[in-house]
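Enquirer: The structure that follows is given in the form of structure tokens.
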Amino acid sequence: MMSVTPTRGCLLDLPWEDILVPHILCHLPLQQLLSLQRVSKSFQSLIQLYLANMRCFDSSQIGPAIPRAAFVNLLKDNEVLQQLALQNCSEWLTDRELLPVIGQNHHLHQIQLKGCAQLSRHALVAISLSCPQLRQLSLAHCEWVDSLSLRSLADHCKALEAVDLTACRQLKDEAICYLVQKCGRLKSLSLAVNANVGDVAVEETAKCCPELEHLDLTGCLRVKNDSIRVLAEYCPKLRSLKVKHCHNVAESSLSILRSRGVELDVEPPLQRALVLLQDVVGFAPFINLQI
């Protein structure tokens, strides 16, 4: 009777496009996948196929800083990206590197550009025109964002659900109003660290975005009690509100939201007084805050 000698299988013998790329390689850290390219020419071809078909690219997976040339090479053949996070490229990323990636990836629904200060308004216009399915966009600390580029975003990306405009200091109430009028599905919006944002923008946001759950107004010095009351009236799904350093917002307006269980980043006045007292004298008297 003949004995059957078991044969040793090789990872590369598995179907690449049907098994390895969608079901195995996607679970490995990107940095390890890039190292595999040095094993052999076959592995290099496999990883190149994976890079051309990956749906999510996060530069932080590669390390604290990804070189410009490496970024360009990694994404040059990819046309199916859905998520793009480039905060680790902020020191060198310009329109020259970003625009080709945006131009060939029309299925992006999440883009993270926090702190990418060397881009220009042309980047946001390109995103607007190329990514109609965009749902989440972070432009925090991108001071190049202006009203015209934001209008383009609002006109073409009406499925937006989350936008971070922290420290986009060129934007005023008028630009924010236009955005929320066009993008009524917003659930999360940050207008933090912008002294140009006032009651007009907050009230229009409240009236146009009934699905709003999270709003960050940290440091918006022109925001006052009236707009907070409008927010409480028109946004029943609101779950969190940040108003730290909004010196014109008082407990008289916040108490409405506090009673609904909305998470606020400022303590009630009595609670703040007790904390200060404890800092000064080392202890605080017991007071029943439920009264």
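Enquirer: Counting other Cβ atoms within 10 Å of each Cβ, which GluC sites (Glu not before Pro) in the stretch 137-235 have at most 12 and sit in a DSSP loop?
Expert: Numbers: sites: GLU143, GLU161, GLU174, GLU203, GLU204, GLU211, GLU213, GLU233; in loops: GLU143, GLU161, GLU211, GLU213.
Listed in order of number, the matching sites are GLU143.
Enquirer: For VAL72 and HIS107, FRET efficiency with R0 = 25 Å and r from the beta-carbon atoms, rounded to 0.05?
Expert: Working: r = 20 Å, r/R0 = 0.81.
FRET efficiency, HIS107 to VAL72: 0.80.
Enquirer: Multiply the residue gap between GLU251 and GLU233 by 0.36 nm, knock off their C-alpha separation, and tell me the result in nm, one decimal place. Please list the in-between numbers first.
Expert: Values: separation 18, 0.36 × 18 = 6.48 nm, distance 1.59 nm.
Taking 0.36 nm per residue and subtracting the Cα distance, the gain is 4.9 nm.
Enquirer: Per 0.36 nm of contour for each residue apart, how much would the distance between ALA65 and GLU263 grow if the chain were fully extended, relative to their Cα-Cα spacing?
Expert: Working: separation 198, 0.36 × 198 = 71.28 nm, distance 3.50 nm.
Extra length available between ALA65 and GLU263 comes to 67.8 nm.
Enquirer: In bins 10 Å wide, starting from 0, what share of all Cα pairs of the chain does each bin hold, as a percent?
Expert: Distribution as computed: 6, 24, 24, 19, 14, 8, 4, 1, 1, 0 percent.
Enquirer: 222 nm [θ] for the chain, helices only, -39500 (n - 2.57) per DSSP H run of 4+, per residue, to 500? Kindly include the intermediate steps, with their values, before the conclusion.
Expert: Values: 11 runs with 109 residues, N = 291.
Result for the chain: -11000 deg cm²/dmol, rounded to the nearest 500.
Enquirer: While we're here: Sort 251-261, 217-227 by the packing proxy (mean of other Cβ within 10 Å over each peptide's residues), most packed first.
Expert: Sorting 251-261, 217-227 by mean packing, highest first, produces 217-227, 251-261.
Enquirer: Same structure, new question: Given a 1.4 Å probe and every protein chain left where it sits, what share in percent of the accessible area of the chain is carbon and sulfur? Before the final figure, lay out the partial values.
Expert: Details: 8150 of 15510 Å².
In the chain, the share of accessible area belonging to carbon and sulfur is 53 percent.
Enquirer: Determine how large the accessible area of TYR234 is when every protein chain is in place; take a 1.4 Å probe and give Å² rounded to the nearest 10.
Expert: 100 Å²
Enquirer: Around ASN196, with a cut-off of 11 angstrom between Cβ atoms, what is the net charge of the other residues, counting Lys and Arg +1 and Asp and Glu -1? Before the final figure, lay out each step's value.
Expert: Numbers: positive: ARG169, LYS172, ARG222; negative: ASP173, GLU174.
For residues surrounding ASN196, the net value is +1.
Enquirer: Something else about it: Run the count for the chain, please: Lys pairs, Cα-Cα under 17 angstrom, 8 or more apart or on different chains.
Expert: Lysine pairs meeting the criterion: 13.
The values are calculated or read from the model by the stated rules, or taken from the named source; none is laboratory data. As the structure is a computational prediction, the values presented were derived from the model and not from experiment. Here the Cβ is made from the backbone with ideal geometry for all residues, glycine too, and neighbour counts use every protein chain on show. Areas reflect the complete protein model, heavy atoms only, side chains present, ligands, DNA and RNA absent. Shrake-Rupley method; radii C 1.70, N 1.55, O 1.52, S 1.80 Å.
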